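Trainee: Quick one: this structure, given as structure tokens, is what I'll be asking you about.
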Amino acid sequence: MQDIIQQLQAEVDAFVISDAATREAFRLTFLSKKGSISVLFDDFKALPPDQKRSLGAPLNVLKKNAEEKWNSAEFSQAKSSASDIDLSRPSGFMPPGSIHPLNLVKHELIGVFQGLGFEVATGPEIETDWHNFTALNMPEDHPARDMQDTFFVQTDPAIVLRTHTSPVQIRTMLSQKPPIRIIAPGRVYRCDSDATHSPIFHQIEGLYIDKKVSFADLKQVLYYFVKEIFGDDVNIRFRPSFFPFTEPSAEMDIEWVKNGEKRWMEILGCGMVDPNVLLHCGIDPEEYTGFAFGLGVERICMLKYGISDIRLFLENDLRFLRQFATEKLV
Ligand code: DAH
């Protein structure tokens, strides 16, 4: 047995492990259950005790050497594995996410107004009553507050979840001097819920303050914007309306076809900024005029894609969301 041990030791030393396959061949040849070193151990068990005494040590050395060679091959192989990477192999499948339809439309709308020189402004969703109502010409107990079913904070009646993005107008006019040209996209909250109303929805506010801004500018900007979004054939109409923070005020409708029938749908409110609002923000209404508008992102998204239920936007149903996956993937 002594000879066999020596011979196997020579074989172990001579064996060249160069990659994963030869390393595995080494293990099968020497160390696996049927490998030659394991078989030798089986034979060893049958030897008389005096032979065991003299052969045990060299046999163990042989096994240890073989195991070390196998283990260190793993180490050196891991080190060299960078060169084994096949960069031409196709990668595993990673399903691409998709942009939520509301974000798709929001980004598109922002892009149109940015093209006209409007900058994006933001404000808090938890807002003061003053910014949300009073500064916008809706003092306490003003009936116009009833138009917006508000979530109040129980412990502090002066705090509300903003019911519209219009308070960003106030924040901007308080912190910047005219000329001002901003749009303010964001989430708003109202205590309202059915197929076309959600307690959380999105608006984009627009504000343009400068010398000699007129209602003609307002109409032209909004007409340009709907043509960009819905195409050149779009029909719009302005209806006289009332908002406490604009005078005169209007609502803009867009014509669309449902079941072969033409209908008008309101998509935004707008008007010339009321002189009282300018005064609240320290802007002289004799020197500056401006227009403002507020549009609902859900409305526009529903019209553009023919979506009939607003709740689909919040349900995270992949069958719904995947329909938008081919557009503008990031
Ligand atoms: N804040 C209004 C709302 O949520 C929408 C609106 C109307 C915004 C007219 C405006 C505006 O800036 O001029 O109902």
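Trainee: Separation of the range 161-222 and the range 274-300 by C-alpha centroid, Å?
Mentor: Using only Cα atoms, the two centres lie 8 Å from each other.
Trainee: Also, quick follow-up: Going highest first, how would you order 158-168, 315-325 by mean Cβ packing within 10 Å?
Mentor: The densest-packed peptide leads the list: 158-168, 315-325.
Trainee: Please report the relative contact order for the chain, taking Cα pairs under 8 Å with a sequence separation of at least 6, and give it as a percent rounded to a whole number.
Mentor: Worked out over the chain, it gives 16 percent.
Trainee: Where only protein heavy atoms count, and the probe is 1.4 Å, what is the accessible area per residue for the range 207-330 in Å²?
Mentor: On a per-residue basis, 55 Å².
Trainee: Moving on to the next point. Once you've got the Cα coordinates, tell me which of K212/K304; K262/K304; K177/K211 are over 22 Å apart.
Mentor: Where the Cα-Cα span goes over 22 Å, the pairs concerned are K212/K304.
Trainee: Something else about it: Tell me, what is a quarter of the convex hull surface for the C-alpha atoms of the range 244-330, in nm² with one decimal?
Mentor: Convex hull of Cα atoms, orientation-averaged projection: 9.2 nm².
Trainee: Rounded if a/c is under 1.5, else prolate if a/b is larger than b/c, else oblate: which is the range 45-177, with a ≥ b ≥ c the root eigenvalues of its Cα gyration tensor?
Mentor: Prolate, since a/c reaches 1.5 and a/b exceeds b/c.
Trainee: For the range 168-236, what are the per-bin percents of Cα-Cα distances with bins 5 Å wide, up to the bin holding the maximum?
Mentor: Going from the shortest bin to the longest, the percentages are 4, 12, 17, 16, 19, 18, 11, 4, 0.
Trainee: Continuing with the same structure: Could you give the C-alpha radius of gyration of the range 91-144 expressed as a fraction of 2.2 N^0.38 Å, taking N as the number of residues it contains?
Mentor: That works out to 1.90 for the range 91-144.
Trainee: Something else about it: For the chain, what is the Kirkwood estimate of the hydrodynamic radius, computed as the reciprocal of the mean inverse distance between distinct Cα atoms, to one decimal in Å?
Mentor: Answer for the chain: a Kirkwood hydrodynamic radius of 25.9 Å.
Trainee: Which order do peptides 89-100, 228-239 fall in by mean Cβ count within 10 Å, highest first?
Mentor: 228-239, 89-100
Trainee: Note down the nm distance, to one decimal, between modelled labels 7 Å out along Cα→Cβ at D19 and at V153.
Mentor: 6.6
Trainee: Evaluate the Debye formula for the range 97-252 with equal point scatterers sitting on the alpha carbons, no solvent, and hand back log10 of I(q)/I(0) at q = 0.13, 0.15 Å⁻¹, in q order, two decimals.
Mentor: Debye intensities relative to I(0), on a log10 scale: -0.69, -0.93.
Trainee: Moving on. Would you work out which of T122, V12, P178 lies farthest towards the positive end of the dipole of the chain, given +1 charges on the beta-carbon of Lys and Arg and -1 on that of Asp and Glu, about the Cα centre?
Mentor: About the Cα centre, the residue reaching furthest to the positive side is V12.
Trainee: Taking R0 as 35 Å, what FRET efficiency do you get between Y223 and L87 from their Cβ-Cβ distance, rounded to the nearest 0.05?
Mentor: According to the calculation, E is roughly 0.10.
Trainee: Using only Cα atoms, what is the ratio of the radius of gyration of the range 2-73 to 2.2 N^0.38 Å?
Mentor: 1.12
Trainee: While we're looking at this one, here's another question. Would you calculate a helix-derived [θ] at 222 nm for the chain, using -39,500 (n - 2.57) for each DSSP H run of n ≥ 4 and dividing by the full residue count, to the nearest 500?
Mentor: Estimated from H runs of four or more residues: -11500 deg cm²/dmol.
The values are calculated or read from the model by the stated rules, or taken from the named source; none is laboratory data. Keep in mind it's a predicted model, so treat the numbers as computed, not measured. For neighbour counting, all protein chains shown are included, and Cβ atoms are generated from backbone atoms with ideal geometry for every residue, glycine included. Ligands, DNA and RNA are excluded from the accessible area calculation, which covers all protein heavy atoms including side chains. Shrake-Rupley method; radii C 1.70, N 1.55, O 1.52, S 1.80 Å.
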